[in-house]
1. In nm, to one decimal, how far is the modelled label at SER165 from the one at LYS127, with both set 7 Å along Cα→Cβ?
2. Would you mind calculating the gained length between GLN42 and VAL92 on full extension (0.36 nm times residue separation, minus the Cα-Cα distance), in nm to one decimal?
3. Taking amide H positions as placed 1.01 Å from N in the peptide plane, with prolines and chain starts having none, which residues 5 or more places from SER120, or on another chain, fall under 5 Å of its amide H?
4. With θ set to phi - 60°, apply the Karplus curve 6.51 cos²θ - 1.76 cosθ + 1.60 along segment 131-142 and write out the HN-Hα couplings as whole Hz, x wherever there is a Gly or Pro.
5. Taking amide H positions as placed in the peptide plane 1.01 Å from N, state which residues far from PHE93 in sequence (5 or more) or on other chains have amide H under 5 Å from it.
6. Want the number for ASP80 to LEU158: 0.36 nm per residue separation, take away the alpha-carbon distance, what's left?
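Every number here is computed from the coordinates shown, using simple stated rules; none is lab data. A quick note: this is a predicted structure, and the numbers were derived from the prediction, not measured. No Cβ is skipped: glycine too gets one built from the backbone with ideal geometry, and neighbour counts run over all protein chains shown.
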Amino acid sequence: LGVRVQKKYMHRQLYLVLIIILALPGLVNACMCGRDSQDNSQAFTYYDHIFIAKITEAKLVPFPKKRGFKMDRFIAPMVDETIKASFSVEKVFKGDPSIISNIEALPIRYSCGMPVHIGSRYLIFAKSNNAHLGLCGRSRMIGNLKPIEQIKIDRKELKWLDEASNK
């Protein structure tokens, strides 16, 4: 009889764990996105603007709900503000970044958010006049404030961008 009671309670515990796991992405604001699977040459063709930007100013602003900002369906209802960052252009690999008014990012309190540091440099891949930083995109911080292994990867990527932009 004791074994049956234990199995009965074990099943209840398993069901509870399963329910929690299924509900977890919505509860913890998890970032779910398809990674950019383009190789370098595809990325160079796909994006309109590729450049290195140095952040000069950043501020939190209310998140505009009626916009084409691509976000996971679990996260979009919870976002109430975004970061708008002003920048200076250090190097252009492709396009004309002067038509981009600012770079947008989600604050890091959101799981898809990315830290935006004034004075830091970012490699930006942008379509039309929209530049975004986030875990789901190809744009990212380069150089400072990163582990040495990432700096080596950054140098390799900057090398191919130099080569592609000089063709």
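1. 2.2
2. 16.2 nm
3. ILE55
4. Per residue, the Karplus-derived 3J(HN,Hα) values read 10, 10, 10, x, 5, 8, x, 8, 5, 6, 6, 10 Hz.
5. Here the answer is ILE50, PHE51, ILE52, since their amide H atoms fall under 5 Å of that of PHE93.
6. Result: 24.6 nm gained on full extension.
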